[in-house]
Amino acid sequence: MAEVLVVVEASAAAGVKKVTLEMLTIARTLGSVSAVVIGDAAALTDKLAEYGAEKIYVASGDDVESYLVAPKATVVADLVRRVQPAAVLLASTQEGKEIAGRLAVKLDNGLLTDAVEVAADGTATQVVFAGSTIVKSKVTRGLPIVTIRPNSVTPAAAPATPTVEQVTVEVGEKDKLAKVVERVAEQKGSRPELTEASIVVSGGRGVGNADNFKLVEELADLLGGAVGASRAAVDSGYYPHQFQVGQTGKTVSPQLYLALGISGAIQHRAGMQTSKTIVAVNKDAEAPIFELADFGVVGDLFKIVPQAAEEIRKRK
């Protein structure tokens with residue numbers, strides 16, 4: 001069975017990211033799973049093995065870790081030429097998509113982005129036009145190189161005992177034009193990362209202003225969840241852009257999604273409609289969000305949210 005290369009997304013703080021576990025789950029339906037780790041793999045091996053990696057390729061050293069994505073694309077391209085895999089899966093993140101684009105150029109290969117599913121024959125399913133249309137696409141030149149949209153599938157464990165192979169890194173001077181001169185660790189609060197959280201509380205334009213977002217934060221903290229925001233709230237300056245949920249923001253798929261003061265425009269729905277349980281609070285009974293919600297409360301969020309918070313405190 002041909003190998004399927006999964007380019008691992010991980011961080012020193014969080015370890016293997018959820019999107020990597022999703023890619024490993026998809027890869028098992030396509031062939032023999034091989035994870036590609038660029039950097040130190042010691043802390044990642046157990047998690048990759050738990051989700052089905054049968055082989056782990058490790059590319060480490062100053063030549064790939066001290067520069068931006070160009071050396072990483074070269075390493076993956078060299079590995080593809082040597083292994084001749086059935087497919088290559090990368091995450092639809094900023095770095096993942098840049099590596100994928102460079103990889104496609106290096107291999108003179110087709111590329112599919114933002115897939116939510118990949119069939120055994122390499123056909124990718126993509127959700128386009130803010131979730132209103134489903135497209136089936138297939139690479140017609142070369143092997144399937146596909147980026148997977150985070151929160152597309154539920155990761156499923158399938159323990160394996162992988163072999164680990166150190167990859168020889170050979171990158172040219174053109175790959176070293178952009179050097180990393182400093183790394184600054186982002187300050188993390190007690191809340192989980194938005195795309196990884198099992199509970200997300202999002203606020204929209206109905207929250208009114210930036211100060212009122214404290215209500216959203218308070219409810220999220222009581223539930224142990226992450227804070228999100230609609231595009232309207234972000235554009236109005238109520239909350240930072242990196243917390244935007246939607247087609248042009250982040251895609252989330254938590255067990256519980258609370259939408260506070262969000263009308264439910266199609267752009268927002270595209271980023272959260274796969275949530276397992278959706279609860280909406282809006283004073284407009286005709287708001288589109290209620291078409292999607294499992295539970296809806298028509299009323300003033302400034303009265304409802306404090307009451308909900310008080311009930312949660314009582315039950316803790």
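The values are calculated or read from the model by the stated rules, or taken from the named source; none is laboratory data. If you're wondering where the values come from, they're calculated on a predicted model, not measured in any experiment. As a convention, Cβ positions derive from the backbone with ideal geometry for all residues, glycine included, and neighbour counts pool all protein chains shown.
Points to keep in mind about this one:
- Filtered residue count, segment 205-234, keeping only those that are in a helix (DSSP H, G or I), more than 16 Å from Leu194 (Cα to Cα) and in contact (Cβ under 8 Å) with a residue 40 or more places away in the chain: 4
- Whichever residue in segment 230-257 is within 23 Å of Val116 (Cα to Cα) and among the hydrophobic types (A, V, I, L, M, F, W, C) and, among such residues, is surrounded by the most Cβ atoms within 10 Å (Cβ to Cβ): Val245
- Entry remark, segment 200-214: residues being under 25 Å from the mean Cα position of the chain (by Cα) and small (Gly, Ala, Ser) number 3 in total.
- Here is the figure for segment 5-33: residues that are surrounded by fewer than 24 Cβ atoms within 10 Å (Cβ to Cβ), within 27 Å of Glu170 (Cβ to Cβ) and among the hydroxyl-bearing types (Ser, Thr, Tyr) total 2.
- Taking each residue of segment 280-305 that is in contact (Cβ under 8 Å) with a residue 24 or more places away in the chain and part of a helix (DSSP H, G or I) and looking for partners that are surrounded by fewer than 15 Cβ atoms within 10 Å (Cβ to Cβ) and of a type in the set (A, V, I, L, M) with beta-carbon atoms closer than 9 Å, six or more apart or interchain, yields Phe290/Val298.
- Residue that is modelled with the lowest pLDDT [pool: residues in segment 258-267 that are assigned to a loop (DSSP other than H, G, I, E, B) and buried (at least 23 other Cβ atoms within 10 Å of the Cβ)]: Gly264
- Residues of segment 208-223 that turn out to be hydrophobic (A, V, I, L, M, F, W, C), in contact with a Lys or Arg (Cβ under 8 Å, 6 or more places away or on another chain) and closer than 12 Å to Arg313 by Cα, as a count: 1
- Looking only at segment 85-137, and only at residues there that are out of contact with any helix residue (DSSP H, G or I) (no Cβ under 9 Å at 6 or more places or on another chain) and in a helix (DSSP H, G or I), the one that is surrounded by the fewest Cβ atoms within 10 Å (Cβ to Cβ): Gln94
- Restricting Ala229, Ala270 to those that are out of contact with any Lys or Arg (no Cβ under 6 Å at 6 or more places or on another chain) and modelled with pLDDT under 95 reduces the list to Ala270.
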